[in-house]
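Before any comments, here is the structure.
The values are calculated or read from the model by the stated rules, or taken from the named source; none is laboratory data. Please read these numbers as outputs of a predicted model, since none were measured by experiment. Note that each Cβ is placed from the backbone with ideal geometry, even for glycine, and that neighbours are counted across all protein chains shown.
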């Protein structure tokens, strides 16, 4: 067989690329990794924790919507469901922004400056409390 | 920056008027890594609360084969435990952040014991509900 040296198995996938694309991949690979502010990856771990929490919050919001829908209380569904959905979206969006802001603060001031405030933390705890109280009311309403 | 900060106090602009004031008005900026860890503890408490809330809802939402009275009690207890967890998340975060700013020993989580008791009683209710069914 003629042509370029054949690498067997899936590792040979680079061979299938056009030369320009192959060069691009090789150039990307040879770049040094981006500088880390903390070798313990603290900002990254916090960002992932926010992601997990946003997902859990969305899950419980969906569960609450189900309860509201089956309760037959349309006004409650619209008002409380709307607020819960708005808070969940807000937390998810602001968590992403928070990561960017924290990264910027850390890069600019090498960690000597204070991070940003905790309003988002309060909103998150409040959203959880709202969901808990709503479901408490739903459970009691359905049974009593 | 390729290395971790030394926590030096070079003149870095500190953001003013951060919420909540009761936490940020005094003390010195702690190492950001500690603040980030405190934040993750807060988030872990929130997820615990969400799990408890979901558990309380699930008990009543799906017609499980548990004696209805005990099932309702367990459900309400789990939902209350969720509330306790959210409260602990916020107050615990505040106390820890404040303690770090003033270089004081970190507080313990006050709600751990009440939460454990409520969780145990809820489990007992489910158990009784299954046995008496």
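Annotations
- Comparison of B:85, B:116, B:89, B:99 shows that the only residue that is under 22 Å from residue B:36 (Cα atoms), in a helix (DSSP H, G or I), away from chain A (no Cβ under 13 Å) and at pLDDT 95 or above is B:99.
- On inspection, residue B:55 does not qualify as at negative phi, part of a loop (DSSP other than H, G, I, E, B) and more than 7 Å from chain A (Cβ to nearest Cβ).
Matching residues to (1) in contact with a strand residue (DSSP E or B) (Cβ under 7 Å, 6 or more places away or on another chain); (2) over 17 Å from residue B:48 (Cα atoms); (3) surrounded by 13 or more Cβ atoms within 10 Å (Cβ to Cβ):
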| position | (1), (2), (3) |
| --- | --- |
| A:59 | no, no, yes |
| A:71 | no, yes, yes |
| A:90 | no, yes, yes |
| A:97 | no, yes, no |
| A:103 | no, yes, yes |
| A:120 | no, yes, yes |
| A:133 | no, no, yes |
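- Of the residues making up segment A:46-62, those that are in contact (Cβ under 8 Å) with a residue 60 or more places away in the chain and within 7 Å of another protein chain (Cβ to nearest Cβ) are A:53, A:57, A:60.
- Here A:55, A:140, A:85, A:131 are screened, and the one residue that is assigned to a helix (DSSP H, G or I) and more than 26 Å from residue B:19 (Cβ to Cβ) is A:140.
- The numbered conditions (1) within 12 Å of chain A (Cβ to nearest Cβ); (2) in a helix (DSSP H, G or I) are all true for residue B:17 except (2).
- Residues satisfying the stated conditions in segment A:27-44, i.e. within 7 Å of another protein chain (Cβ to nearest Cβ) and surrounded by 14 or more Cβ atoms within 10 Å (Cβ to Cβ): A:36, A:37, A:38, A:42, A:43
- The residues on offer are B:69, B:55, and the sole one that is touching a residue at least 60 places away in the same chain (Cβ under 8 Å) and surrounded by fewer than 22 Cβ atoms within 10 Å (Cβ to Cβ) is B:69.
- Residue list for segment A:85-116, restricted to those being free of Cβ contacts under 8 Å to residues at least 24 places away in the same chain and in contact with a helix residue (DSSP H, G or I) (Cβ under 7 Å, 6 or more places away or on another chain): A:113, A:115, A:116
- Restricting segment A:117-132 to residues that are under 30 Å from residue B:69 (Cα atoms) and either in contact (Cβ under 8 Å) with a residue 60 or more places away in the chain or over 25 Å from the mean Cα position of the chain (by Cα) (or both), the residue that is nearest to the other protein chains (Cβ to nearest Cβ) is A:128.
- Residue count for segment B:102-112, restricted to those that are part of a helix (DSSP H, G or I) and at pLDDT 95 or above: 0
- Check on residue B:49, exposed (fewer than 14 other Cβ atoms within 10 Å of the Cβ) and part of a helix (DSSP H, G or I): no
- Condition broken by residue B:122, with the remaining ones in (1) at pLDDT 95 or above; (2) more than 10 Å from every other protein chain (Cβ to nearest Cβ); (3) surrounded by 18 or more Cβ atoms within 10 Å (Cβ to Cβ); (4) closer than 30 Å to residue A:44 by Cα satisfied: (4)
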